[in-house]
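Each remark here refers to the structure printed beneath this line.
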Amino acid sequence: MIDRKRQELKARIAAACRQAGRPEDSVTLLAVSKTQPAEAVAAALAAGQQAFGENYVQEALDKIDALIADRERLQWHLIGPLQSNKTRVVAETFDWVHSIDRLKIAERLSAQRPVGLPPLDVCLQVNVSGEASKSGVEPAALPALAHAVAALPRLRLRGLMSIPEPVEGLAAQRLPHARLRALFEQLRAEGLPLDTLSMGMSADLEAAVLEGATMVRLGTALFGARAPRAGAQAAG
Ligand SMILES: *Cc1c(COP(=O)(O)O)cnc(C)c1O
């Protein structure tokens, strides 16, 4: 089941790559496993999926623990909001963090990344939807943040991430992705060696690939609809 869904999604990604004139292997599928049990992650892993995105730190830690025997084959990405009291465990446990929008959080992650692990791969989350969104650095403040984060010794700044306001229609969906891509190209022109544009979710993956996404974050399209989280909190 998960195997078939994954193949369907890979075919959709490949078709969008062909339409964009991009190599078919230029987009990584990040499986967003929030609210899914460890068994669902294990089933996806058995189908060949290795990169997983989680939103809530404690929920992710439980799953990482449950699947510790497969730790070497799994890549864990934090894509949800991160508060400063959780940076240590995240620095010790995750492979990537996509949701950095403040220097303070980046500094803590760099200071707390254990010496035995490679530098933590990070993206900066950018607010590409203006007042509609509260999280993400404002585009005007992005260059200063990016250069400061790139200078931190135990982080590797890989690129940018966004969660645009949901809109209908390919043309409208492409606009915020084009905006993120332009910011990405600007930073590259300033000398930052970025290689990751984390954008596109189940509802707008084609729009994101057409605008240059290198990592699409797919939850419901892969695992099916999520049950509401019991006792959900805004951040975790
Ligand atoms: C939940 C989530 C996704 C996946 O959303 P779907 O619509 O289920 O594909 C991607 N990125 C972030 C940051 C999320 O919180």
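Please give the number of the condition residue 90 fails out of (1) away from the ligand (no atom under 16 Å from the Cβ); (2) open to solvent by less than 40 Å² (accessible area, probe 1.4 Å).
(1)
Yes/no matrix, rows are residues, columns are (1) among the charged types (D, E, K, R); (2) at pLDDT below 95; (3) closer than 22 Å to residue 77 by Cα:
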{"position": "158", "(1), (2), (3)": "yes, no, yes"}
{"position": "167", "(1), (2), (3)": "no, no, no"}
{"position": "215", "(1), (2), (3)": "no, no, yes"}
{"position": "221", "(1), (2), (3)": "no, no, yes"}
{"position": "225", "(1), (2), (3)": "no, yes, yes"}
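Return the residues of segment 140-151 that are open to solvent by 30 Å² or more (accessible area, probe 1.4 Å) and in contact with a helix residue (DSSP H, G or I) (Cβ under 6 Å, 6 or more places away or on another chain); say none if nothing qualifies.
Result: 148, single match.
Taking residue 60 as meeting all but one of (1) closer than 23 Å to residue 9 by Cβ; (2) of a type outside the set (Lys, Arg); (3) within 13 Å of the ligand (Cβ to nearest atom); (4) open to solvent by 10 Å² or more (accessible area, probe 1.4 Å), write down the number of the exception.
(4)
Considering only residues that are within 15 Å of the ligand (Cβ to nearest atom) and open to solvent by less than 10 Å² (accessible area, probe 1.4 Å), which ones fall in segment 78-87?
Residues of segment 78-87 that are within 15 Å of the ligand (Cβ to nearest atom), as a first pass: 78-82.
Within segment 78-87, 78, 80 qualify.
Can you tell me which residue among 63, 104, 86 is within 22 Å of residue 28 (Cβ to Cβ) and in contact with a helix residue (DSSP H, G or I) (Cβ under 7 Å, 6 or more places away or on another chain)? Give the steps one after another, and end with the answer.
Numbers: 104 fails: within 22 Å of residue 28 (Cβ to Cβ); 86 fails: within 22 Å of residue 28 (Cβ to Cβ).
It is 63.
Confirm whether residue 135 is more than 23 Å from residue 94 (Cβ to Cβ), among the polar types (S, T, N, Q), under 19 Å from the mean Cα position of the chain (by Cα) and modelled with pLDDT under 95. Steps first, please.
On the way: more than 23 Å from residue 94 (Cβ to Cβ): no; among the polar types (S, T, N, Q): yes; under 19 Å from the mean Cα position of the chain (by Cα): yes; modelled with pLDDT under 95: yes.
No, not satisfied.
If a residue must be buried (at least 18 other Cβ atoms within 10 Å of the Cβ) and either touching a strand residue (DSSP E or B) at 6+ places or on another chain (Cβ under 8 Å) or at pLDDT below 95 (or both), how many such residues does segment 3-49 contain?
Total meeting the criteria: 13.
For residue 75, which of the numbered conditions (1) within 16 Å of the chain's Cα centre (by Cα); (2) farther than 17 Å from residue 136 by Cα; (3) of a type in the set (S, T, N, Q); (4) open to solvent by less than 20 Å² (accessible area, probe 1.4 Å) fails to hold?
Unmet condition: (4).
For segment 174-195, state whether one or more residues are buried (at least 19 other Cβ atoms within 10 Å of the Cβ), within 11 Å of the ligand (Cβ to nearest atom), modelled with pLDDT of 95 or more and not hydrophobic (A, V, I, L, M, F, W, C).
Taking every residue of segment 174-195 in turn, none turns out to be buried (at least 19 other Cβ atoms within 10 Å of the Cβ), within 11 Å of the ligand (Cβ to nearest atom), modelled with pLDDT of 95 or more and not hydrophobic (A, V, I, L, M, F, W, C).
Could you please find all residues in segment 104-126 being surrounded by fewer than 16 Cβ atoms within 10 Å (Cβ to Cβ) and over 18 Å from the mean Cα position of the chain (by Cα)? Walk me through how you get there before you give the answer.
Of all residues in segment 104-126, those surrounded by fewer than 16 Cβ atoms within 10 Å (Cβ to Cβ) come to 104, 111-112, 114-119.
Across segment 104-126, the qualifying residues are 104, 111, 112, 114, 115, 116, 117, 118.
Kindly check whether there is at least one residue in segment 139-160 that is closer than 25 Å to residue 106 by Cα, among the aliphatic types (A, V, I, L, M) and within 16 Å of the ligand (Cβ to nearest atom).
First, the residues of segment 139-160 that are closer than 25 Å to residue 106 by Cα: 139-160.
With among the aliphatic types (A, V, I, L, M) added as a condition, the list becomes 140-142, 144-146, 148-152, 155, 157, 160.
Checking which are within 16 Å of the ligand (Cβ to nearest atom) leaves us with 160.
Scanning segment 139-160 turns up at least one residue that is closer than 25 Å to residue 106 by Cα, among the aliphatic types (A, V, I, L, M) and within 16 Å of the ligand (Cβ to nearest atom).
Go through 95, 101 for me and flag whichever is closer than 23 Å to residue 216 by Cα, within 13 Å of the ligand (Cβ to nearest atom), without any contact (Cβ under 8 Å) to a residue 60 or more places away in the chain and not hydrophobic (A, V, I, L, M, F, W, C). Please lay out each step first, then the result.
On the way: 95 fails: within 13 Å of the ligand (Cβ to nearest atom).
101 is the lone residue from the list that is closer than 23 Å to residue 216 by Cα, within 13 Å of the ligand (Cβ to nearest atom), without any contact (Cβ under 8 Å) to a residue 60 or more places away in the chain and not hydrophobic (A, V, I, L, M, F, W, C).
The values are calculated or read from the model by the stated rules, or taken from the named source; none is laboratory data. Everything numeric here is computed off the predicted structure, so don't read it as measured data. Neighbour counts are summed over all protein chains in view; Cβ atoms, including those assigned to glycine, are modelled from backbone coordinates with ideal geometry. Only protein heavy atoms, including side chains, enter the accessible area calculation; ligands, DNA and RNA are left aside. Shrake-Rupley method; radii C 1.70, N 1.55, O 1.52, S 1.80 Å.
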